[in-house]
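S.K.: Submitted below is the structure of interest, expressed as structure tokens.
What follows is calculated from the coordinates using simple rules that are stated; it is not laboratory data. Since we're looking at a predicted model, the values are computed, not measured. Every residue, glycine among them, receives a Cβ derived from its backbone with ideal geometry; neighbour counts consider all protein chains shown.
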Amino acid sequence: MTQSLKTRGTSGEQTGTKSAGSESEPQPTLNGETKGTKMIIKVLGSGCTNCKTLELRTKEAVEELHIEAVIEKVQDYQEIASYGVLRTPGLVIDGKVVSVGAVPKVDEIKNLILKQTATV
């Protein structure tokens, strides 16, 4: 499984990237087909305890589902506001805001991911 973590600071710059595996390989979807791009999941928040918890739970959900995803931590307030999120933490899956102002449990995050993959 390939998982990348990109972290953005308060000014929007990328502050760190953690990656495993090749980003250019076709990636299997949940039903075994391959696709060229990975799911992009963004955790929106200032870096508070709830935001960090959401990030950890999101990573756990991705691992348990055995899916390919890029998980980005977004701390830039302008970018967070561009999603219409005024209360953090927020969770964005493939550009769609799926959770705001809450820290869903791992099973709830898995359901949100599965629901989003079903609509693609």
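S.K.: How would you rank 50-59, 78-87, highest first, on the average number of other Cβ atoms within 10 Å across their residues? Intermediate values should be presented prior to the final figure.
M.R.: Details: 50-59: 18.7, 78-87: 13.5.
Output ranking for 50-59, 78-87: 50-59, 78-87.
S.K.: Continuing with this model, one more query. Among 76, 107, which comes first, then next, by fewest other beta-carbon atoms within 10 Å?
M.R.: On the way: 76 16, 107 11.
Arranged by neighbour count, lowest to highest, 76, 107 become 107, 76.
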